[in-house]
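Undergrad: Dropping the structure in here first, questions after.
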């Protein structure tokens, strides 16, 4: 889970405060219901945070990453040789780049 709270600093820049709790659970070996409960527990701890979701997909015919926030969905291409992790990082970077629209 990537809960992001963008905090304004004195010099006007935004800095994310991220919760990476779900990264402690291996998706392949953790029961779906456990993941869902952990997600909902964490989500409820941050009612004033912007909820931003990312995903990346890699295929031989093309690869892409996507950022979801409320009604906004931004899809963009990534190089086919990128790993999924790199696509996720690209989506997070895109989120931070466009944070003025989310914040």
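The values are calculated or read from the model by the stated rules, or taken from the named source; none is laboratory data. This one's a predicted model, so the numbers in the text were calculated from it and none came from an experiment. Note that each Cβ is placed from the backbone with ideal geometry, even for glycine, and that neighbours are counted across all protein chains shown.
Undergrad: Scan region 31-48 and report the pairs whose first residue is at negative phi and whose second residue is surrounded by 10 or more Cβ atoms within 10 Å (Cβ to Cβ) and part of a helix (DSSP H, G or I), with Cβ atoms within less than 6 Å and a gap of 6+ or a chain change.
TA: Going by the 6 Å Cβ cut-off, the qualifying pairs are 42/21.
Undergrad: Of all residues in region 66-97 being free of Cβ contacts under 8 Å to residues at least 12 places away in the same chain and part of a loop (DSSP other than H, G, I, E, B), which is farthest from the chain's Cα centre (by Cα)?
TA: Checked region 66-97; the qualifying residue farthest from the chain's Cα centre (by Cα) is 81.
Undergrad: So for region 33-48 (the condition being loosely packed, with under 15 Cβ neighbours inside 10 Å, touching a strand residue (DSSP E or B) at 6+ places or on another chain (Cβ under 9 Å) and part of a strand (DSSP E or B)), does at least one residue qualify?
TA: Within region 33-48 (the criterion being loosely packed, with under 15 Cβ neighbours inside 10 Å, touching a strand residue (DSSP E or B) at 6+ places or on another chain (Cβ under 9 Å) and part of a strand (DSSP E or B)), the answer is no, since none of the residues qualifies.
Undergrad: For region 75-100, which residues satisfy the criterion of being surrounded by 15 or more Cβ atoms within 10 Å (Cβ to Cβ), at pLDDT 80 or above and over 22 Å from residue 23 (Cα atoms)?
TA: 78 - this is the single residue of region 75-100 that is surrounded by 15 or more Cβ atoms within 10 Å (Cβ to Cβ), at pLDDT 80 or above and over 22 Å from residue 23 (Cα atoms).
Undergrad: If residue 11 satisfies every condition in (1) under 20 Å from residue 88 (Cα atoms); (2) at pLDDT below 85; (3) assigned to a loop (DSSP other than H, G, I, E, B) but one, which is the exception?
TA: Checking residue 11 against (1) under 20 Å from residue 88 (Cα atoms); (2) at pLDDT below 85; (3) assigned to a loop (DSSP other than H, G, I, E, B), the one that fails is (1).
Undergrad: Sort out which residues of region 49-74 are loosely packed, with under 12 Cβ neighbours inside 10 Å and touching a strand residue (DSSP E or B) at 6+ places or on another chain (Cβ under 7 Å), and write them in order of number.
TA: Initially, region 49-74 is screened for residues loosely packed, with under 12 Cβ neighbours inside 10 Å, giving 59-62, 70-73.
Matches in region 49-74: 62, 73.
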